[in-house]
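A short worksheet on the structure shown next.
Derivation of every value follows stated rules applied to the coordinates shown; laboratory data play no part. From a predicted model like this one, the values you see are computed outputs, not experimental measurements. Glycine gets a Cβ as well: all are built from the backbone with ideal geometry, and neighbour counts include every protein chain shown.
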Amino acid sequence: MKAFRYIAKSGPGNRVEGIMEGESASGVSRALVTKGLFPIEVAEVFSEGGALNKIGVLKGFWQRVRHRPLNSQALAMFTRRLGDLLDAGLPMQKAMEQLHAQTKERALKDVLRSVAFRVKSGESLSNALSGYGILFPRSLIGAIEAGETGGGLITILQGLAELYEKEDDLERTLRAALLYPTLVLLVSAATLVVMFTFLLPKLSVLYSDLGQDLPGPTRFLIETSAFFQSFGVFILVGALLLLLGVTVLHAKSPRFQRLVSLVVLKIPVIGQIILNREIVRFAHTLASLVSGGVPLMRGLWFASRCSGNAAIVEELGSFGQRVGEGASLSTVLGESRMGDSVLVMMIQVGEEMGELSQSLEKACRVYERELREKMKVITTVLEPMMIVFLGLVVGFIVFSMMLPIMELDLA
C-alpha cells in the first residue's frame, strides 16, 4: 500500500486535507468519492527510507520541483487538441491516446500516458486528472467535471483553450515589455556593485592621503561603501532568509496569502492591472461554463477557483450561494471588489436578455483590451523613468567622487 496526500471538498466552502493509503491515486480518488468528497488533488507521498522523506520541508519542495504546474501554453495545447479530437467524433479513450502520441513535451507526455490508461480503465477524465492536481489547475479539473456532468465538455474545452491562449499571449507580451527594463536594471545594479566594492574604496584611500576635509556627499558615499563592505554578506544572507521565510509562510498560511493579496490589490496601477486580469479570467471561465450548459450556481463555484488572488477567491466563493438565495449576478458582483460599473452593466443587460454568456464574452474582450493598454502605458513610461533615475544615481556618484578633486584645483 502507498500513502497519498489528498485535498478534497465536501461542498463549496468545505476543504478537507489528509493522507490515505491505497494502491494508486485513482483508487484513493474513488474512495474519496464514495465518502461524498470531491477530490481536487491526490499526490503520492514519498516512500519510506528515502533521505528526502525524513525532511518534511524538502519533501514538499522536491515534489513541487518534480511536478511544476503546467504553464498556460501547455494547458492551451492540451485543452485545444483534446477539444478538437472529441469534436471530430473520437471517443475519450482514443482521444487521450492520440493526444499522448502527439504531445512532445516530456512532463506532459508522461502524465498523459498515465491519464490515458486511467481513462481506458473506466475513470472519467476529471477523476483521472485529479490525481495530478499539482500539474493541472483545480479550475480546469472542475470545469471538465462540470462538462462531463452537463454534456457540454467540447464547448468547455474550447472555451478553456481560448482562455489559456489569451493568458499565454498576455504573459508573452508582459515578458517582452519588461525585458529591456530588466536588463537595464541588472546592468545598472552590477555597475553600482562594482563601483561600491572596488572603485570607491580605492578612491577613499587616495582622499585620505590628501589629508583634506571631504565634502558631505563624498563622505556619505565612502561611509556607505565601507558599511556594505563590512556587512554586505550579512545583508545578502538576511535578505535571502527573509525571502525564503515569506515564501514558506505564503505557501503554508491562508491568512497570510489573503493579507498579501489585499496589499497587492491596493498598490496603485499594479493593483488595478491584477484586478483587470482576474475579471478577464473570471468572465471567460464563467462564459465557457454557462455556454457549455453548466448551471449558473455550479459555474460560479468552478469559476471561483480560477482566480490567482486569495482575497478574490474568498469573495467569489460566496457568489454561488447568494445567487442561489435569489440575488442576481450583477447585484452580487456590484458589491464585490470586481464590481466595476461597466462589468456590472454588461452582465445586467445579459441577464435581462437571457444572453449571459455572450455578455460575459463581451466583458472579457473589453477588459482584456483595457488590460493590454494599461500594460503598454506602464512599460512605455517605465523605460525612460528607469534610465533617468539610474542616470541620476550614477551622476551623483561620479560628481561626489570628483568634488574633492575639483575643490583641490580651486584651492
Nearest-ten-degree value, helix 25-34 long axis tilted from longest Cα axis of the chain: 60 degrees
Going by alpha carbons, how many degrees (0 to 90, nearest 10) lie between the helix axis of 356-410 and the longest principal axis of the chain? 10 degrees
Note on the chain: C-alpha Rg/Rh, Kirkwood Rh, two decimals, gives 1.09
Working from Cα positions, state the angle (0 to 90°, nearest 10) between the long axis of helix 216-252 and the longest principal axis of the chain. 10 degrees
In whole angstrom, the spacing between the Cα centers of the stretch 181-202 and the stretch 112-180 equals 44 Å
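Taking the mean number of other Cβ atoms within 10 Å as a proxy for protection, how do you rank 301-310, 192-201, 339-348 from highest to lowest? Walk me through the numbers on the way to the answer.
Working: 301-310: 22.2, 192-201: 14.9, 339-348: 17.9.
Answer by packing, highest mean first, reads 301-310, 339-348, 192-201.
Please give the FRET efficiency for S318 paired with V342, using the beta carbon to beta carbon distance and R0 = 22 Å, rounded to the nearest 0.05. Write out the running numbers ahead of the final one.
Details: r = 22 Å, r/R0 = 1.02.
Calculated transfer efficiency: 0.45.
Which entries in K104/K166; K9/K362; K94/K362; K266/K362 show an alpha-carbon gap greater than 29 Å?
Numbers: K104/K166 22 Å; K9/K362 32 Å; K94/K362 35 Å; K266/K362 27 Å.
Correct reply: K9/K362; K94/K362.
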Placing each pseudo-label 7 Å from Cα in the direction of the beta carbon, T380 and L192 end up separated by a distance in nanometres of 2.8 nm
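Divide, for the stretch 290-362, the radius of gyration over alpha carbons by 2.2 N^0.38 Å, where N is the residue count.
On the way: Rg = 11.5 Å, N = 73, 2.2 N^0.38 = 11.2 Å.
Working it through for the stretch 290-362, the quotient is 1.02.
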Output ³J(HN,Hα) for the stretch 317-325: one whole-Hz value per residue in order, computed from phi by the Karplus curve 6.51 cos²θ - 1.76 cosθ + 1.60 with θ = phi - 60°, and x for Gly and Pro. x, 8, 4, x, 5, 5, 5, x, 7
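Provide the net charge surrounding S124, with neighbours chosen by a C-beta distance below 14 Å and charges set as Lys +1, Arg +1, Asp -1, Glu -1.
Numbers: positive: R30, R118, K120; negative: E123, E145, E148.
Taking every Cβ under 14 Å from that of S124, the sum is 0.
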Relative contact order (%) - criterion: Cα under 8 Å, at least six apart; region: the chain: 15 percent
Computed [θ] at 222 nm, deg cm²/dmol, the chain (DSSP H ≥ 4; -39,500 (n - 2.57); rounded to nearest 500): -24500 deg cm²/dmol
Scattering profile of the stretch 87-220 at q = 0.19, 0.21 Å⁻¹ [log10 I(q)/I(0), Debye over alpha-carbon scatterers]: -1.13, -1.27
Ranking I378, I347, L203 by how far each Cα lies towards the positive end of the charge dipole of the chain (+1 on Lys and Arg Cβ, -1 on Asp and Glu Cβ), the top one is I347
Over what distance in Å are the Cα centres of the stretch 66-108 and the stretch 276-353 separated? 28 Å
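Using C-alpha positions alone, give me the convex hull volume of the stretch 275-411 per residue in cubic angstrom.
Values: hull volume 18.2 nm³, N = 137.
For the stretch 275-411, the hull spanned by Cα atoms encloses 133 Å³ per residue.
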